[in-house]
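Working notes, beginning with the structure itself.
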Amino acid sequence: MPDMSSAQAAALWSGLLILLLVILSVRVIMARQKHRVVLGDGGHAALILAGRVFGNAAEYIPVGVGALAVLTLLGMPAYMIHAVGGALFLGRLLHASGLAADRPTPGRLAGMVLTFLALIVAAGMLIVHAFVGSPHG
């Protein structure tokens, strides 16, 4: 990564995560159009899966973006923002590409591990910061 401020790092990862969410939403829209379903999934397996992939991302991405924003406001260094944001983005990407309705996949597992790791690290940094203050003293 080029030399970025914490805010720039948070902007990069937040932007990429939001784009991923939009792409997954468009996949649901396209599946609905293909199967001529206006609302819900119409019982179509492909639409059920597309909706679940989007829904899963929608459950985790906002929390991650919020954590990146608060970590930035608290003055965390850019490398920490990159670590959390990069792990979360890669985790969500792997999970979305590895989610299959019929079986667990390595991508799904790796995606969840990276997602949980990113969120747990972010939570830990936020909780520690509440008691010890700025990482810069």
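The values are calculated or read from the model by the stated rules, or taken from the named source; none is laboratory data. Keep in mind that this is a model prediction, so the values were computed, not measured. Cβ placement follows ideal geometry from the backbone for every residue including glycine, while neighbour counts extend to all protein chains displayed.
Can you confirm whether residue 73 is within 14 Å of the chain's Cα centre (by Cα) and under 24 Å from residue 11 (Cβ atoms)? Walk me through how you get there before you give the answer.
Numbers: within 14 Å of the chain's Cα centre (by Cα): no; under 24 Å from residue 11 (Cβ atoms): yes.
So residue 73 fails the test.
Only one of 73, 90, 68 is at pLDDT 85 or above and loosely packed, with under 15 Cβ neighbours inside 10 Å; which? Step through it out loud before you land on a result.
Numbers: 90 fails: loosely packed, with under 15 Cβ neighbours inside 10 Å; 68 fails: loosely packed, with under 15 Cβ neighbours inside 10 Å.
One residue alone meets the criteria, 73.
Of the numbered conditions (1) without any contact (Cβ under 8 Å) to a residue 60 or more places away in the chain; (2) assigned to a loop (DSSP other than H, G, I, E, B); (3) under 27 Å from residue 131 (Cβ atoms); (4) hydrophobic (A, V, I, L, M, F, W, C), residue 76 fails exactly one; give the number of that condition.
(1)
Taking segment 80-110, which residues are part of a helix (DSSP H, G or I), free of Cβ contacts under 8 Å to residues at least 40 places away in the same chain and more than 13 Å from residue 17 (Cβ to Cβ)?
Of everything in segment 80-110, those that are part of a helix (DSSP H, G or I), free of Cβ contacts under 8 Å to residues at least 40 places away in the same chain and more than 13 Å from residue 17 (Cβ to Cβ) turn out to be 83, 94, 97, 98, 106, 107, 108, 109, 110.
If residue 39 meets every condition in (1) within 24 Å of residue 9 (Cβ to Cβ); (2) assigned to a loop (DSSP other than H, G, I, E, B); (3) not acidic (Asp, Glu) apart from one, which number is that one?
Result: residue 39 fails condition (1) only.
What is the one condition in (1) closer than 18 Å to residue 115 by Cα; (2) out of contact with any Phe, Trp or Tyr (no Cβ under 9 Å at 6 or more places or on another chain) that residue 21 does not satisfy?
Of the numbered conditions (1) closer than 18 Å to residue 115 by Cα; (2) out of contact with any Phe, Trp or Tyr (no Cβ under 9 Å at 6 or more places or on another chain), the odd one out for residue 21 is (2).
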